[in-house]
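Here the structure is laid out as structure tokens; the discussion comes afterwards.
The values are calculated or read from the model by the stated rules, or taken from the named source; none is laboratory data. Everything numeric here is computed off the predicted structure, so don't read it as measured data. Cβ atoms come from the backbone with ideal geometry, glycine included; neighbour counts cover every protein chain shown. Please note that ligands, DNA and RNA were not included when accessible areas were found on the heavy atoms of the full protein model with its side chains. Shrake-Rupley method; radii C 1.70, N 1.55, O 1.52, S 1.80 Å.
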Amino acid sequence: MLVDGQWKENWQPVQKADEKGRFVRQVSGFRNWITPDGSPGPTGEGGFEAEAGRYRLYVALICPWASRTLIARKLKGLEEIIPVTVVNPVMNDEGWEFGGYDGADEDPLFGSRYMHELYTRADAHYTGRATVPVLWDMKRNVMVNNESADILRMFDTAFEHLAPSDLRLYPEDLAEEIDALNPRIYDLLNNGVYKAGFASSQEAYDEAVEGVFKMLDELEGRLTGEYLFGDHLTETDIRTFVTLIRFDAAYHGLFKTNRKQIKDYPRLSAYMERIYRIPGVAGTVNMDHITRGYYAIKALNPQRIRPTGPAHIEALIASVS
């Protein structure tokens with residue numbers, strides 16, 4: 001973790017917990033927005049105009065938050081406009097590292113060894129965790145944003161004049177419903193699996209697991225159409241998918257969310273497969289990075305033994321690749 005711009009301690013999966021042992025996630029600290037004309041967005045300052053080749057996206061393929069942005073980048077046709085750098089899936093004592101693993105990249109901008117070096121380059125006195133995704137402005141050499149929910153929405157509309165698209169992930173007519181459902185899915189499912197896996201008390205674990213399966217049951221009942229809002233793919237589907245695709249392979253075992261697997265939910269299983277088969281989505285899912293990264297968390301798996309399977313996930317991936 002960085003304290004006033006200095007790396008002070010070895011990386012740990014839990015940096016903060018509340019009085020009942022609940023895992024507390026860090027709030028993202030860089031919240032500027034790219035807009036078509038560089039005007040200010042909902043948060044932060046202006047000056048970040050949408051331009052081809054100006055911005056670089058840093059991601060970890062293990063990370064569901066980063067994967068949200070990769071899927072949006074692909075579906076919105078931004079691959080030639082926004083280059084990507086992938087970090088090593090295994091977090092060592094200084095957090096995310098560049099290179100050293102198949103499919104991981106070196107930092108092409110500064111030759112950094114660790115992601116935290118970008119954070120101190122952005123803010124010499126930064127205090128906090130060096131997380132992904134990161135959206136970097138290569139023109140001004142500053143960090144634009146490190147909040148995946150913001151980046152998802154930027155990718156939906158900011159570059160429309162450069163890469164026109166018929167897909168709208170946050171359509172105006174569904175905005176109110178999306179804004180109501182997103183926080184619940186985030187709290188109970190997306191972050192809920194982490195709250196279960198990193199709980200430091202039985203009470204916190206029980207509460208988190210109850211929430212995870214409450215939401216999965218709710219989503220199973222909700223899915224009467226192709227997607228969560230009928231036949232229109234939205235950002236909510238992307239936010240849900242990134243947890244579902246990791247669930248049986250990682251969260252079910254490592255995070256002890258083992259009441260059921262996603263394969264036990266017929267509608268959710270079909271929904272997950274449907275999204276995975278959307279052209280381009282499969283290329284954002286790297287199960288080797290996902291399982292290698294999660295099962296390398298020493299606090300949860302000291303021997304770092306990575307299980308094989310599950311077979312149904314391997315079969316899904318093989319059917320598309």
Problem set entry | FRET efficiency for R306 and E45, using Cβ-Cβ distance with R0 set to 41 Å, rounded to 0.05 | 0.40
Problem set entry | Compactness index (Cα Rg / 2.2 N^0.38 Å), region 32-104 | 1.27
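Quick one: with all protein chains in place, what share of the accessible area of region 218-291 is carbon or sulfur, to the nearest percent (1.4 Å probe)?
So the carbon and sulfur contribution to the accessible surface is 46 percent.
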Exercise. What is the gain in length, in nm to one decimal, between D4 and V320 on full extension, counting 0.36 nm per residue of separation less the C-alpha to C-alpha distance?
Worked result: 109.2 nm
Exercise. Which value in nm describes the separation of the simple spin-label points at D105 and H161, placed 7 Å from the Cα toward the beta carbon?
Worked result: 2.6
For this session: Can you tell me what the convex hull of the Cα atoms of the chain projects to on average, as an area in nm²?
Result: 15.8
For this session: Report the FRET efficiency, 1/(1 + (r/R0)^6), for E226 and R31, where r is their Cβ-Cβ distance and R0 is 35 Å, rounded to 0.05.
Result: 0.60
Problem set entry | Counted charge near R304, where neighbours are those whose Cβ lies closer than 13 Å (Asp, Glu -1; Lys, Arg +1) | +3
For this session: Taking only Cα atoms and a 10 Å spring cutoff, compute GNM fluctuations for the chain and point out the largest among P83, P164, P133.
Result: P164
Problem set entry | D264 versus Q202: modelled label distance in nm, points set 7 Å from Cα along the beta carbon direction | 2.1
Problem set entry | Carbon plus sulfur fraction of accessible area for region 106-156, probe 1.4 Å, in percent | 43
Problem set entry | GNM result for the chain, Cα springs below 10 Å: residue of A50, A204, A180 fluctuating most strongly | A180
For this session: Taking only Cα atoms and a 10 Å spring cutoff, compute GNM fluctuations for the chain and point out the largest among T243, T127, T69.
Result: T127
Seminar exercise, completed: With the charge dipole of the chain built from beta-carbon charges (+1 for Lys and Arg, -1 for Asp and Glu) about the Cα centre, the Cα from G225, N190, Y205 projecting farthest to the positive end belongs to Y205
For this session: With a point put 7 Å past each Cα toward its Cβ, work out how far E210 is from E177 in nm, to one decimal.
Result: 3.0
Exercise. At a Förster distance of 30 Å, what's the computed FRET efficiency of K139 paired with N92, Cβ-Cβ distance as r, to 0.05?
Worked result: 0.45
For this session: Please calculate how many Å² of accessible area the chain carries per residue, with a 1.4 Å probe and no DNA, RNA or ligand atoms counted.
Result: 42
Problem set entry | When each of K8/K74; K195/K263; K76/K298 is checked by Cα-Cα distance, pairs over 30 Å | K8/K74; K76/K298
Problem set entry | Computed lengthening from R113 to A52, 0.36 nm per intervening residue step minus Cα-Cα distance | 19.3 nm
